[in-house]
Structure formats: structure tokens, C-alpha cells
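Below you'll find the structure, written out as C-alpha cells, and then a few comments.
The values are calculated or read from the model by the stated rules, or taken from the named source; none is laboratory data. Please read all numbers here as calculations on a predicted model, not as lab measurements. Cβ: placed from backbone, ideal geometry, glycine included. Neighbour counts: every protein chain shown. Ligands, DNA and RNA are excluded from the accessible area calculation, which covers all protein heavy atoms including side chains. Shrake-Rupley method; radii C 1.70, N 1.55, O 1.52, S 1.80 Å.
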Amino acid sequence: MPSSDAEFADALLDEASRQAARNPSVRRSDWRTGTVTAVDVVPGTVDVDAVRARRLESYVAPRVGDRVIISQSGMGNWIAIGRTASASSALGLPLPPKYKAAHTDRNNITTRTADPDLTMALDADAVYVVEFHLFVGGPASGLMVTSWIVPSGATGLKGAHGASSTAAGVDTLTNAGDNVPGRFGSHGFATAVTYGRRDSNTNLLYAVETGTVITTSAGTCAISWAQSASNATVTRMGLGSWMRATRIA
């Protein structure tokens, strides 16, 4: 074969190899990123441009506009592995919980302010399930009072479950945290919630507050608290109290 013909054949072979390397239909396996253009046209799938891929079970709540990783097997089948990371919180995965490594004590104060430990940043245009698990105590005049701080414009309700404001630790059972009257209301985020006490401000009771926070702007979510009446004896948010927030939409 003349030299020019051989060079031309080599060039064609090189170009064919390059094109095959770019084309998964030739290569028969591939992964790439893309943007979801349709969801559940076939149940359990997402469309990424012209590719229809089966979602992994871990890829929950798919939405048009998701930036995802899709992968093709050597047989030509596509799977959607899940969303790529972004600055936004991942759906269905709790943010790292926050907890108190030591007590926080406050006295002579009735103005509620955010706890220094139990606070998180929430994204804009999102929906979160937020939980606070609180160990609370205070004197008879100076009970624990809580409310929530949420991002500006956020909507939703919170539920409060704990000792009622009349719980006073006047007998052996209630001093042990047993047979304690409770509260079980649903309230606005800013509504003050007052919890009762055991026989000592340092013997703590357990309270749970949880709710769905629907945001329009980014901002802080925190438990805010103070005393029901100004008292030199401290009111305590106890060691081990914790919170978490899980984005669900």
C-alpha cells in the first residue's frame, strides 16, 4: 500500500477509535452527569435528555432540574445513581445533629434568646422536619420557657410534648419524673411554651418539640429560651439536649 494510503488508513482508524471512545453505544459502558427533564414517565425512572434511567432506591424524591449521575452497563441499561452534591441540604438525610456538651444555665432573665448550641442553618425554598430533644429544669418561680427562631417568612407549626407548667415535683413519683402532668399542644413557632419542674432546678425533665418548617429564605433555626419569671436561681438547658433537621422537599 502506498505510503499516503497507509497514512490515510491510520488516520481513519484513529478517528474511529476517538469517536468510539466518546460514544457509549459503541463503548457499551459509561457514566456521566446530566439534568433530569422528566420523572416517572415509566414508574421508578427519570429522563436525562434522551436517556431514561432506572432510579436506585437511595435516590428519593426526584425532581425535574436535579443534577444527577447516570451510569450505563455493558449491556446498555441505564441507572440513575442519585443527585450530585450542592450547597443545598440533601433530601431525606438529616443535617449533622447539634447537641449540648455541657449545661447552659440562665438566671435573672425573661427575654428568650437562642441556645448557644441548639441552632442550625436552613436553606431557602425548602421543607424541613425539625426536632428538639430537651432536658430542662428550673426553680418554682423561673420555669423553663421556650420558643423557636426560624428563617424570615417560614411557615408551619410546632408540637410540644413535656411536663405541663403545673408540674411541681411535690411527691416521690413526680420528683422521679413519673406521673407528671403533661402538655401536648400544637403552636406557632413564636408561641411561648412553659415547662414544669421536679423538686430541684438541677433535676431535669425531658421535653420534645418538633415541627415542619417551610422556608422561603435561608436563615437560622434555633430553640430560644429564658425563665418564666426573673429569678437568681438558674434555669437549665441540660447536657445532652440535642436537635436535628431533615430536608424533605
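Quick notes on this structure:
- Residue selection: T119 fails the criterion of being surrounded by 12 or more Cβ atoms within 10 Å (Cβ to Cβ), of a type in the set (V, I, T), touching a Phe, Trp or Tyr at 6+ places or on another chain (Cβ under 9 Å) and touching a residue at least 40 places away in the same chain (Cβ under 8 Å).
- Out of V68, V64, sole residue that is part of a loop (DSSP other than H, G, I, E, B), over 18 Å from the mean Cα position of the chain (by Cα) and not basic (K, R): V64
- Among residues that are in contact (Cβ under 8 Å) with a residue 60 or more places away in the chain, closer than 30 Å to D30 by Cβ and not β-branched (V, I, T), L143 is not included.
- In region 60-100, the residues that are farther than 17 Å from M243 by Cα, buried (at least 17 other Cβ atoms within 10 Å of the Cβ) and at pLDDT below 85: L91
- Here W78 meets each of (1) farther than 30 Å from N203 by Cα; (2) free of Cβ contacts under 8 Å to residues at least 24 places away in the same chain with one exception, condition (2).
- Subset tally (residues that are within 19 Å of G169 (Cβ to Cβ) and either of a type in the set (A, V, I, L, M, F, W, C) or in a strand (DSSP E or B) (or both)) for region 221-249: 6
- Among the residues here, A167 qualifies as within 18 Å of M237 (Cα to Cα) and in a loop (DSSP other than H, G, I, E, B).
- Count - residues of region 76-123 that are among the charged types (D, E, K, R) and not in a loop (DSSP other than H, G, I, E, B): 6
- Applying the criterion of being aliphatic (A, V, I, L, M) and touching a Phe, Trp or Tyr at 6+ places or on another chain (Cβ under 6 Å) to the residues of region 146-185, the residue that is farthest from S241 (Cα to Cα) is V150.
- T194 vs. criteria hydroxyl-bearing (S, T, Y), open to solvent by 50 Å² or more (accessible area, probe 1.4 Å) and in a strand (DSSP E or B): no
- Residues (in a loop (DSSP other than H, G, I, E, B), closer than 30 Å to D199 by Cα and open to solvent by 20 Å² or more (accessible area, probe 1.4 Å)) located in region 124-142: A140, S141
- In the set R236, R244, only one residue is charged (D, E, K, R), over 23 Å from A90 (Cα atoms) and either out of contact with any Cys (no Cβ under 9 Å at 6 or more places or on another chain) or open to solvent by 20 Å² or more (accessible area, probe 1.4 Å) (or both); that residue is R236.
- For region 197-220, the candidate set comprises residues that are assigned to a strand (DSSP E or B) and open to solvent by less than 50 Å² (accessible area, probe 1.4 Å); within that set, the residue that is nearest to G142 (Cα to Cα) is L205.
- Options S152, S147: the member that is modelled with pLDDT of 95 or more, open to solvent by 50 Å² or more (accessible area, probe 1.4 Å), among the small types (G, A, S) and under 23 Å from G188 (Cβ atoms): S152
- Residue match in region 173-185 (condition: of a type in the set (S, T, Y) and either assigned to a strand (DSSP E or B) or exposed (fewer than 15 other Cβ atoms within 10 Å of the Cβ) (or both)): no
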